[in-house]
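A short worksheet on the structure shown next.
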Amino acid sequence: TRRKHPIFALEPASPGAPRIGVEWLDRGHAMAQSGPHGHQFLAVTYFERSGGSQRIGSRAWEVGEGDVFLIAPGETHEAGALGEAQGWMVQFSADAIEPGGDPTTFLSWQSNPLLYPFVRPSGGEVARFEVPADRRPEWSRRLRSMARELRDKEPGFREALRAHLALVLVDVGRLARDVVGQMRLGEQPVLAEIFRFIEDHYAEPISTKDVARAANLSSGYLTTLVRRSTGRTVLEWIQERRMAEARRLLVDTEESVERIGTRVGYEDPTYFARRFRSAHGATPAAWRNANR
């Protein structure tokens, strides 16, 4: 069957190397010249210069300096209208992060803090973030270093590539925590207010009614607005914020699972363990052991 658009694959730079690529992205890039296309890999685009737009999925996005976009495998990408925008595209297969794992097992990514930002519900908003101005030189230096490692292939370049990629994805994960900032970029001030309240109160026993009251909305309208705009319910977002903090605490601290559950809003440790296992396919203790 003839495909509607080309699909780009990613090959390792040399035998035994991780499938990681870093390329300068502008309107002259082969992907920009190809029209609408798809990727078999995950991609992070970071723009050092603004101008023009790119389309991801069904939506066109204006491109600004410092913008970061996450593109999941299979999403339609069209970059022919970039105009003066220039930046970097980091391409990688999931097995570059989880060596030996199945790079196509999309649902398992939600248990990996470096891959989780690429997981979003069907029809969910494209992940777009803005790197603060004072961090942009660091992003540019890191991506140039990755490109140099790929070009020169000096001893140890495979390990260096993985290390650089991990640092990029750690920064992406930190940007992804600022859900309020993401909604502001989408010019959705009501959603920004909703997510600001969740951010400030997720560790408390809040409900949909509490969020609606804070945003001066009815519970019914709130539910419809959030589901239509994000593909998730308010309670799912509260749980996700709690789980994001739980993942951080499990990796970064020695606190007990029970204490972590309490800190993120679950007074009942059994219920916390059950919710965590439902979301990640592993108990908190097992997830901690696997991700350290």
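Each value in this text was obtained by applying a stated rule to the coordinates, not by laboratory testing. These numbers were taken from a predicted model, which means no experiment stands behind them. Because the Cβ atoms are built from the backbone with ideal geometry, glycine has one as well, and the counts that use them run over all protein chains shown.
Listing for the model above:
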quantity: Karplus-derived HN-Hα couplings along region 242-251 (A = 6.51, B = -1.76, C = 1.60, θ = phi - 60°), whole Hz, x at Gly and Pro; calculated: 5, 5, 4, 5, 4, 4, 5, 5, 5, 7
quantity: Surface/4 of the Cα convex hull for region 194-246, nm²; calculated: 3.2 nm²
quantity: Potential extension, Glu62-Ser145 segment - 0.36 nm per residue separation minus Cα distance; calculated: 27.2 nm
quantity: Estimated inter-spin distance, Leu167 and Glu138, nm [label 7 Å along Cα→Cβ]; calculated: 0.9 nm
quantity: At 1.002 mPa s and 20 °C, Stokes D of region 1-52 from Kirkwood alpha-carbon radius, µm² per second; calculated: 164 µm²/s
